[in-house]
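Report on one structure; see the data block that follows.
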Amino acid sequence: MSINDGIDLDNRDPNTLNEYLQVEFDDVIAEPEGTYSVDCVWKGAYSIFTGTKNCCYKLLTILFAIPVALVIGCSFAILSFQHIWCLGPAIRHFG
């Protein structure tokens with residue numbers, strides 16, 4: 001059994017935890033009717049926004065995803081240990 005069994009690489013937010021983070025170019029920048037820039041500027045701004053957002057996100061995940069996952073994994077292990085070995089028995093003992 002591989003550690004990657006059960007990982008869905010197509011749907012990486014199956015529980016829609018980050019639904020509010022669906023930010024695209026037209027969610028941030030919009031030109032009202034009658035006030036349009038030149039088409040090449042609009043297309044260039046779209047390309048730069050999207051490319052920068054994607055590159056920065058990938059760089060940040062390369063640098064920080066593994067350490068953050070390690071810290072979160074340890075935190076949940078500590079929380080589980082406390083509940084299984086300390087809190088649960090104490091509640092059964094005193095309750």
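Computed from Cα positions, the angle between helix 39-81 and the longest principal axis of the chain comes to roughly 0 degrees. When nucleic acids and ligands are ignored and a 1.4 Å probe is applied, His83 ends up with an accessible area of around 90 Å². Counting other C-beta atoms within 10 Å, and keeping those with at most 13, which DSSP coil GluC sites (Glu not before Pro) do you find in the chain? When the GluC sites (Glu not before Pro) of the chain are filtered for loop state and at most 13 Cβ neighbours within 10 Å, Glu24, Glu33 remain.
Once both labels are positioned 7 Å from their Cα atoms along Cα-to-Cβ, the gap between Asn4 and Cys86 label points is 3.7 nm.
Remark: the stretch 10-90 carries a charge dipole of roughly 540 debye about the Cα centre, counting +1 on each Lys and Arg Cβ and -1 on each Asp and Glu Cβ.
Each label point was placed 7 Å from the Cα along the Cα-to-Cβ direction; for Thr35 and Phe64 their separation is 3.4 nm. Take Thr16: with every protein chain present and a 1.4 Å probe, its accessible area is about 80 Å².
In the set (1) 29, 18, 7; (2) 35, 19, 16; (3) 46, 17, 13, the label that goes with semi-axes √(5λ) of the Cα gyration tensor in Å computed for this structure is (3). Over the chain, dividing the summed -39,500 (n - 2.57) contributions of all DSSP H runs of at least 4 residues by the number of residues returns a 222 nm mean residue ellipticity of -19000 deg cm²/dmol.
The values are calculated or read from the model by the stated rules, or taken from the named source; none is laboratory data. Here the structure is a predicted model, which is why all the values come from computation and not from measurement. Positions of Cβ are generated from backbone atoms using ideal geometry, with glycine treated the same way; all protein chains shown enter the neighbour counts. With ligands, DNA and RNA removed, areas are computed over all heavy atoms of the protein, side chains included. Shrake-Rupley method; radii C 1.70, N 1.55, O 1.52, S 1.80 Å.
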